[in-house]
Structure formats: C-alpha cells, structure tokens
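The values are calculated or read from the model by the stated rules, or taken from the named source; none is laboratory data. All values reported here derive from a predicted model rather than from experimental measurement. All Cβ positions, even for glycine, are placed from backbone atoms using ideal geometry, and neighbour counts span all protein chains on display.
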Amino acid sequence: MNGEASLSLAWLRCLLAAVAFVVIVEAALGFAGATAAAAPSVTLVAMIAGGLALRRGWRALREGRPGTTTAPLAPADALAALALVVALATRLGEGLNHANGAFTYDVLSYHLHLPASWLVAGRVGIVPTPFGDQAPAYAPANAELTYLLALAATGNFRLAHAGQAGYAALAALAVVATARQLGLSRRLAVGAALAFLMIPEVWQQATGAMTDLALASFLLACLPFLVRLRASVHRSDVLALGAGLGLAVGTKYAGAVLALPLLLITAVLLVRGRGAPGWPRRRAAVALTALLFACGGFWYVRNTILTGDPTFPVTLQLGPVVLGRGLYGRPEMRRWQYHLACGDLQPLLEMFIETGAGFLACLVGGLTALLLRRRFVGAVLLGAYVALGWLVIPYQQSRFFFVAWGLGALVTAAAAQLAGWPAVRELAFAPALVGAAWQYPTPARLLTAALWTLAAALGTRASIVPDPTPASHRFVAGARWLLPPAAGLLVLGLVGWTRLPDHSAPQAARIGDGHDAGWDFASARLHGRRIAYTGSNLPLPLWGWHLQNRVQYVNVAGKPTDLLHDFRGDVRLGAPALDTAEPAPERAHPDRAAWLANLTAARTDTLFVARLYPDVAASMPHDGDGFPTERHWADALPDCFHLTFATADVRIYDVRAQATQECARPTGARQVPAAP
C-alpha cells in the first residue's frame, strides 16, 4: 500500500487539518482579544472545510485516480471496524457522563481552568498556577484551545471534559493509516489500534480532558506520512506532517522532546528524498518550518518575548549552554519527588507490565519476530521513545510512553503480517484484546473484544476458504458515502445535547480529600460570584458547571496583573527559596495591603482558602494548620471577611467590597469610629 492513497490516510489528513485550523484561528483571535468571536466562526468554517476536504478525497478514490486504491470491505473488516467504533463510542460516553465525579487532578487544576479563564477574559493569556507546578501557566496549550471551542459552543464543561475521546479517535486512525501504508491488512491495522486503545491508562485517559493522549495522537499521526516520504516528497504529505509535528510541540513542553526523533527522520528524508514535480525539497522544508510555527511553535515565541526563555519557568539548556534562564532547571527537577532513579529499572518494568499481560506478550513476540528477520527500524524507533521517556524527560511517568505503546502495537502488526499461517496472522492481537478484557473486565472492554474475536474468526475462515465477493460489499461501499454528513450531524448533535437541561446538569467533582466538602458548599451556595482562590491548584469546581462564577488567583504582592516572571527578580536565582522544581517567588514576600488592593481591583466577593498540600507548603509561607497567608489575614479582618464555611481543610469567606477598600488604606488614613 506504500505510495498509494487509502481512505484512512484521507481521513487522517482531514482530521489533522481540522485540528490545525482550530488551533491557528483560536490562537490568533485569542491573542488579539477576540476569543468570543472565535467559537461560531471556527465551528462553521471548520465544518465546511472538513466537509469539502473529505468530499475531495473520497471523489479521488471513487474515480480511481492514479495512486489511489479502495478494495472491497469484507464482513470481517466491517466487524473489526465496528469493534473500533464501539471502543471509541464508550470512551466518548464515559467522558460525557462522569456520574461518580472522579475527575483527575490535572483536569481540575488547569486543563479546563485555562480555557474557562480565557473564555471569560475574552483573550488567550497566562493563567497563574502558583500552588505546585508553575509550568502549565506558560506551557504550550493546543489541546486546551480545542477545549476552549467546546466550552464556548456548549456553555458547560461536559463536552470539553470528553475532549480526549476525539484524540483517541485520531490516535486510532493514525495507527490504522500507518499500518495500511506499511502494507498490512485492514484487520491487522484495526487490531493494532484496538490494542493501543485498550492499554489501561490510554483507555482511561480517553475519557478526560488531559493532554497526553492528544500529544501521542499528533506524533502517531506523523508516521504514515514519514513512510510515504521515503518514496518521494509530495505536497500533501509534507503539509500533513508539518501540521502533526507543530501540533505535537504545541501541546506541552514534553512534546518538543518527544518530537525530536520524528524531526530528525524528517530532515534526513528531505535531504535524501526525491522532490515531486513542482514541489522541490527546499520549498517542502520552508512549508514544514512554517507549519511548525503556525501549529505550535508560536507558544515558545510568546514565552521568549515575555520572559526571554522559550520554556519558562524551566531553564532551556543544551549541555553547558543556557539558551533561556528560568526559575529552575534539570538539576532541581531531578531532585523532585516525581523523578525516578534511571539506574533502577524496576519502575520501568512495572510500567511495561501495567500495559497488560496480553499486550506485553504481543509486544515481546512482535519484536522478537522482526529482529530475527533483521528488520530493525520499528525496534529502534520504539527503543528511542522508551529512552526519551525514561532518560530525558525528568519525570518518568507512564503517560510519556504512549507513543512507545502505539509503536509497539504497530510492531506486533508488522510481525503478524509476515506469519505464514492465516490463524497466526488473524489472531495475532488475541492476547492483547482478549487479555485486556479478562484482566480489566468492563462491559465496554468485553463487547469490544468479542466483536474483534468474531472478526478474527471470520478473517481466518476467509483466508483458508476464500469466498466470492458478497453482495454486502456493495452496501458497505455505498454506506461510506454517508460518513461526512453523519460526522457533521454527530458534532451538531453533541453540541445540542450538552445544552439540553437533562444533559447539561452539573456533575459534582471529587478528589477524595478535604476539597470535596468545600466544592459541595460552593455548588449549592455560590452562584454569580467573583471568587478568589488560594491554597491549591484545583479551582475548576468553583466555576460552576455552566461557568456561572468568575474564578481567579489574586496576587499577595505586586500589582493585579503581575505574573510569575514579574516576580523572579525578588529572589536571587539559586537561593534556597528557589532550590525546588515548584518555586513560588510571587508568594515569598506577602503584602497584605497589596493583596487587599488586588482583591478590590478584581471585584472579589468570595474568598476560597484551601489547606496547602505538604509538598507545596515547603516552598511558601503557611500557618501551623497548613493554610496559606490569606487565611490569617482574613481572620484578622472580620469587618472585611465573613466566614461562611469552615472545615479542617477549607475556609470560605464572603468578602465585603467597601470594607475591603477601607482595610486596604494605610492605617493612618482610615476613619476611626468615635467611642460610644
């Protein structure tokens, strides 16, 4: 199939183009302060552009243009595709309906708080995250831009929270398209995609608004175009590849690291490859560079302009050369609690085991088979991504290995295609899929595995006893033309569904600690408020499900608009206060008068104070109960702050605006009431 166009490749191009379009337009309008205007225009234009692109690609396939192919779809292929649709539909369903309220920490911290803040502010800017990891405030945020569109279109968090279900579909499509470009059968391609999706952490992340699966989907989406680039430099492949790489580096700082192998391969292929007529290699390199900037590199340029460091607050350093001075660097990150000793390989082995016994067995078998046949490319690329996740990224967590797991599924599929026995080839992913359903049983997993097993059984029978082309092929070939309007109706249906009263109802958030009671109180009592939060980076539940509140962090020093990089001169770099991967110089010298003035400027009427987590408390002032400075100030000014809710972990105050203005004045300037 290498060198030929396939339906999966056409879909992949269209999806990459759609995401790139959303990111570019949302970022451009957001930085210009026109976020409110972005939602309707982006939605409408993206749907029109996507429909036209799909129509053009499918017309080329239908008319049999040179270099295109579309073979009849066998019943076994249709069943395998149905298994993939079921898996993705269940991920979307669980993302839309988190009935137990079990939101992950990062979703509550910043993945949805950032787009909510941008939507309310009317512009895309830096949103502080002072209580813990400061990097998310400045980090690339392409996925959050797409969540911003979902928030603006629906007016609630439901669809945005299910945002990674779409990226799960993109990742699955990328695996299928890559397998097809390698000449693998449809069933093996779908089996590889399912094996990747049913890895426990991938399966779970697909239901929430994180970014790790989004990053993996962008990187995996580059693979089929790299395969095609080996033959010749085609314009459409270069554009899709540039979009994928740009979206990856613009998703999070780790994306710039994980994109390095693909960037290197791209450079080598452009140097050695043959340019297509009218599309020389130099023009391809320029287009690729432009797309890298337009689809993600602009985040690093913004940081450089504001702070002088592209990766602020992390110091950008290559060997002994410091390219950008931040607040902390690799040494501090390697001393932090999330770093694991690279010499101890037991945690790495545990991460492999956590993919599931069946997936691990398929991976080991596939690697062994390819190495015995002296086919090293897949193994080398897989090893490169394991090495990057373990040795280069300072925080060794399994979510940074998602690309490696996707490559592992492709390695298994490539090895299975070489098998001489049809049963071995068709059932190659049985250990991964049936094993996942048995080891981690849920109705969705069991149904997916059952459908795939039936597809594999039919495929085995057809391989042994070929059947004549059934009439159902004509139906399947015709039905695929219904997909463009069906996709458009699905998007419109999801947007409308999340606006219906029964389906836009609030969902209670749970983290399993003292925050829960405070969030319940806020959900029941705080509506239409301007809330200042402090003590933890978990502000999302305070917004209300329909963004009925306005939530922000208010500085305890400096001006209301000062950000982290404005405070870095207050503490000498390298001093003990900054010898941490989670510094907080903006809270090192709290000033009550400045805080009160900043509360007044923000028109705050509610103060939410949470007890600091122990690892956060180590880098900022706190009282004996673990509360930040604001708790003492509020308790000392009862005329300004009326305590309405209190537990051992959370305190909520009503803020009296006029009294706050009075308290903010210097002591000598205040009016002293006459003695009775």
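Brief remarks on what is shown
- Single residue of the stretch 120-129 satisfying the filter (surrounded by fewer than 24 Cβ atoms within 10 Å (Cβ to Cβ) and touching a helix residue (DSSP H, G or I) at 6+ places or on another chain (Cβ under 8 Å)) that is farthest from Val25 (Cα to Cα): Thr129
- Residue in the stretch 126-139 that is farther than 23 Å from Gln204 by Cβ, part of a loop (DSSP other than H, G, I, E, B) and under 14 Å from the mean Cα position of the chain (by Cα) present: no
- Residue count for the stretch 623-676, restricted to those that are surrounded by 13 or more Cβ atoms within 10 Å (Cβ to Cβ), β-branched (Val, Ile, Thr) and modelled with pLDDT under 90: 1
- Qualifying residue in the stretch 274-290 (condition: crowded, with 20+ Cβ neighbours inside 10 Å, in contact with a helix residue (DSSP H, G or I) (Cβ under 7 Å, 6 or more places away or on another chain), in the same structural domain as Ala139 (by TED's automatic domain parsing) and more than 21 Å from Pro130 (Cα to Cα)): yes
- Only one entry in Leu370, Leu348, Leu363 is within 30 Å of Trp438 (Cα to Cα), outside any loop (DSSP other than H, G, I, E, B), touching a Phe, Trp or Tyr at 6+ places or on another chain (Cβ under 6 Å) and of a type outside the set (S, T, N, Q), namely Leu348.
- Filter result for Val120 (part of a helix (DSSP H, G or I) and under 20 Å from Glu201 (Cβ atoms)): no
- Thr207 vs. criteria among the β-branched types (Val, Ile, Thr) and closer than 20 Å to Gly389 by Cα: no
- Options Ala162, Ala174; residue that is out of contact with any strand residue (DSSP E or B) (no Cβ under 9 Å at 6 or more places or on another chain) and at pLDDT below 95: Ala162
- Cβ pairs under 8 Å, 6+ apart, first in the stretch 5-25 and within 18 Å of His234 (Cβ to Cβ), second surrounded by fewer than 22 Cβ atoms within 10 Å (Cβ to Cβ) and basic (Lys, Arg): Leu7/Arg480
- For the stretch 16-26, taking the residues that are surrounded by fewer than 24 Cβ atoms within 10 Å (Cβ to Cβ) and not aromatic (Phe, Trp, Tyr), the one that is modelled with the highest pLDDT is identified as Ile24.
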